[in-house]
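The values are calculated or read from the model by the stated rules, or taken from the named source; none is laboratory data. Quick caveat, the model's predicted, so the values are computed rather than measured. Glycine gets a Cβ as well: all are built from the backbone with ideal geometry, and neighbour counts include every protein chain shown.
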Amino acid sequence: MLHFQIDMRSGIPVYRQMVDQVKYYVASGVLKAGLQLPSIRELAQTLAVNPTTVVRAYSELALDKVIEMQHGRGVFVLDAAPRMSSGEREKALRRHARQLAVEATQMGAPTALILRVVKEELSEVRGQAAEGDAPVRLTVVRQR
């Protein structure tokens, strides 16, 4: 299941957030070669963004040879899409963990609360991923 987290306050363009998240899913093997992704219209409606934003994200992913857009058929993950090594995965996780640690420290959140919240969110996301039979279902977390 795809979980898109779109943060309108991050300063990162929405299309860039989408590109990065799809690349993570493909590189980690969650999105397998040949899997069909949502249509531009469907993804735009689900994320509540302009279809042009999705076109821009998909176009960049196609240029990077992560996906292929087949006119009249849909959008598919390519066989040759780059995979993420365990070292790259750890580096990306540490970058996100560092951001969480800094923001939690700024809020004065106790360690026990931070760990509890992370475990709960991880359980929820993994639980949702285990549900359903569709290989690609979207869930969206929008932060304004």
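Overview of results
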quantity	calculated
Looking only at the range 127-144, and only at residues there that are surrounded by 11 or more Cβ atoms within 10 Å (Cβ to Cβ) and either touching a Ser or Thr at 6+ places or on another chain (Cβ under 8 Å) or within 20 Å of K32 (Cα to Cα) (or both), the one that is modelled with the highest pLDDT	Q128
Pick from the range 50-78, criterion among the charged types (D, E, K, R) and free of Cβ contacts under 8 Å to residues at least 24 places away in the same chain, ranking: farthest from V19 (Cα to Cα)	R73
Pair list, Cβ < 6 Å and 6+ apart or interchain, from the range 34-49 residues that are within 18 Å of D79 (Cα to Cα) to residues that are at pLDDT below 90	L35/P135
Pairs where the first residue, in the range 79-103, is charged (D, E, K, R) and the second is part of a helix (DSSP H, G or I) and modelled with pLDDT under 85, C-beta under 7 Å, 6+ apart	R83/A27
Residue count, the range 5-27 (criterion: aliphatic (A, V, I, L, M) and either touching a Phe, Trp or Tyr at 6+ places or on another chain (Cβ under 7 Å) or part of a helix (DSSP H, G or I) (or both))	6
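Table: residues versus (1) buried (at least 19 other Cβ atoms within 10 Å of the Cβ); (2) touching a helix residue (DSSP H, G or I) at 6+ places or on another chain (Cβ under 8 Å).
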position: L2; (1), (2): yes, yes
position: L35; (1), (2): no, no
position: R56; (1), (2): no, yes
position: V75; (1), (2): yes, yes
